[in-house]
Amino acid sequence: MKIKLISNVKKKFKELYNKTEVMVFSPGRINLIGEHTDYNDGYTFPAAINKGIALAIAKTDKETSTAFALDKDESYSFSLKEVKPLNKGGWRNYILGVVGELQKKGIELGNFNLVFSGNIPGGAGMSSSAALENSVVFALNELFQLNLSKNEMILISQKAEHNFAGVHCGIMDQYASMFGEKKSALLMDCRSISSEAFQIDFKEYKLLLINTNVKHNLSESAYNNRRLVCEKVSEMLKVPALRDATEQGLMRIKNQLKEEDFQKALYVIQENKRVRAFTAAVENNDIKTIGELLYQSHEGLSEQYQVSCAELDFLVGFAKTSSAVIGARMMGGGFGGCTINLVHKKQLKNFKKEVSQAFKEAFNKDCSIYKVKLSKGTYLVD
Ligand code: GAF
């Protein structure tokens, strides 16, 4: 799949612009646990996957730069002298965003042509946008020898998301996509923007993603609002971020908070603890605890943080009734996208069939099912 993606992009680049100078692959990500903790300076446990974006780029003498989105068969040309967010720009804003944020750092770029294509389902909570941002910044860094570190690059990608796509996201997605390691997940400390890699082997259980095909739109104010709530509560608690808060401390200001805001802050404090407990369970090969923590995380996201939807709740509810599944939860920003499930490999086939049928009956539409491999982060393709 990956190889095909890369060769398609190279072929198209040759057809449109001639020779590729730099070729990059940048993956999407899953997240085992630690949702909505990243912008609270907390912990999270993501991994890069074997689905992503392939991008080819080369310099050009032309007066404009051009990006070609192969999957959409759309092209966009722009002047480097006038880089600003577009209204409803879609994929264009991720490219403009990276260019614009590099320019804000005083970095001068020459004109370029690029072609990209991807196989991360859009709106599935698997970070197709972070993969695109990272592929662009990584490719430009190489093409123009900018000497940026990987940490500098992911911060550019994150700013592109904030200022050009309007989503005030944390750093998890860009980090996982850049730093992912084969067969491993990264226990991330989002305050120091660093991680420890853990080899992941759930033995007889396999990771399975089930996409509700409900497209979430993170720029919808719901995501940004939650971030604001967290910031407001940490200010009231006089701590730098909710990572530094305790349940006891939160209880002390409960009567000054709306119940829904109290619940959201409580969720973040508890989810941070769950990430630590999950890590210990991974170290001890304690699959039962791993599964229970996944279910608890979902309950928190659905009832306290309120970022789930009927389809996601249905899938997790169904998983709970199945002997094949040891744990499941919604994954990513929420309001649609995927659930992540740990399914017994002997029952994988049956479970897939059962859940697809049940979903179809309940919502009169199809869900999609993916197996993923934990893979390395953004890299140059020879
Ligand atoms: C989205 C955001 F982009 C991440 O930063 C993170 O907050 C996630 O939602 C929720 O954990 O993917």
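Partner lysines whose Cα lies under 28 Å from the Cα of K104, excluding those fewer than 8 positions away in the same chain, are identified as K59, K62, K81, K84, K88, K150, K159. Just to confirm the number: angle between the C-alpha axis of helix 128-143 and the first principal axis of the chain, 0 to 90 degrees, nearest 10? For 128-143 against the chain, the angle is about 40 degrees.
Of the residues L143, A265, Q103, the one whose Cα sits farthest toward the positive end of the charge dipole of the chain, with +1 on the Cβ of Lys and Arg and -1 on the Cβ of Asp and Glu, is L143. Structural descriptor for the stretch 205-371: relative contact order 33 percent, calculated from alpha carbon pairs under 8 angstrom and at least 6 residues apart. Counting only residues at least eight positions apart within a chain, or on another chain, the lysines with an alpha carbon under 21 Å from that of K203 are K182, K183, K288, K320, K345, K346, K349, K352, K371, K373, K376. Relative to the longest principal axis of the Cα atoms of the chain, helix 150-160 runs at roughly 90 degrees. Sorting 325-332, 191-198, 77-84, 99-106 by their mean Cβ neighbour count within 10 Å, with the most densely packed peptide first, gives 325-332, 99-106, 191-198, 77-84.
Let me have the relative contact order for the chain, percent, based on Cα pairs under 8 Å that are six or more residues apart.
Values: 808 pairs, mean separation 88.9, N = 382.
Relative contact order of the chain: 23 percent.
Only Lys, Arg, Asp and Glu carry charge here, each on its Cβ (+1 for the first two, -1 for the last two); on that basis the chain has a dipole of about 900 debye about its Cα centre. The packing ranking of peptides 224-234, 202-212, 171-181, highest mean first, is 171-181, 202-212, 224-234, where packing means the average number of other beta carbon atoms within 10 angstrom of each residue. Candidates A130, Y94, Q347 compared by Cα position along the dipole of the chain: farthest toward the positive end lies Q347, with charges placed on Cβ. Quick check: the angle from helix 287-299's long axis to the longest principal axis of the chain, C-alpha only, nearest 10 degrees? Rounded to the nearest ten degrees, it is 80.
Values quoted throughout were computed directly from the atomic coordinates according to the rules given, and no laboratory measurement underlies them. Quantities reported herein were computed from a predicted structural model and do not represent experimental measurements. Neighbour counts run over all protein chains shown; Cβ positions are idealised from the backbone, glycine included.
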